[in-house]
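The values are calculated or read from the model by the stated rules, or taken from the named source; none is laboratory data. Remember, predicted model here, so these are calculated numbers, not experimental data. All Cβ positions, glycine included, derive from the backbone under ideal geometry; neighbour counts span all protein chains shown.
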Amino acid sequence: MHNYIYLLAPAIAWLVAQSIKFILVLRKDGINWSDAVQSGGFPSSHAAFMVAITSVVGFNQGIKSVIFGVSVSITAIILYDSIGVRRTTGDQTEAIMELSKDRSKHLKTKIHASKGHDYLEVAVGCIVGFVVGYLLNYII
């Protein structure tokens, strides 16, 4: 079972983050099952997923291992992307949709605003991922 920790930790961290997100949205809007897999929002499931696997790698392979360094690097890129690039892209998409409404222009393609994260959403996602990675590492 211990060999599967590298798959279980990120999957469980994602599930925990998405469940928290779903419960928080459920309180506002009622049941909408698409909210269960939404991107963006509080907490970041991207952060939870990546920090969980990075934590498990660190606990099992050591923080001086090559694979830990690779995992930290990939995690940093994903967290930077979710705060910066995806959020900016989402803001730009919303601006384009608003401009098209204001000018009564029909967009030729169907676009959806990509929801990035703010710092708090990513920080809490990191905490969720670390806690899941830590607990699974010592339970399994």
Check: Which residue pairs have Cβ atoms closer than 8 Å, lie 6 or more positions apart in sequence or on different chains, and pair a first residue in the range 67-87 that is farther than 16 Å from Ala48 by Cβ with a second residue that is not in a helix (DSSP H, G or I)?
Finding: Phe68/Gly62; Gly84/Gly116; Val85/Gly116; Arg87/Lys115; Arg87/Gly116; Arg87/His117; Arg87/Asp118
Check: How many of the residues making up the range 123-140 are in contact (Cβ under 8 Å) with a residue 40 or more places away in the chain and either outside any helix (DSSP H, G or I) or of a type outside the set (A, V, I, L, M) (or both)?
Finding: 8
Next item on the list: Could you name every one of the helices (runs of 4 or more DSSP H) located completely within the range 24-118 that has at least 3 residues being surrounded by 13 or more Cβ atoms within 10 Å (Cβ to Cβ), at pLDDT 95 or above and under 12 Å from the mean Cα position of the chain (by Cα)?
Entry: 45-61
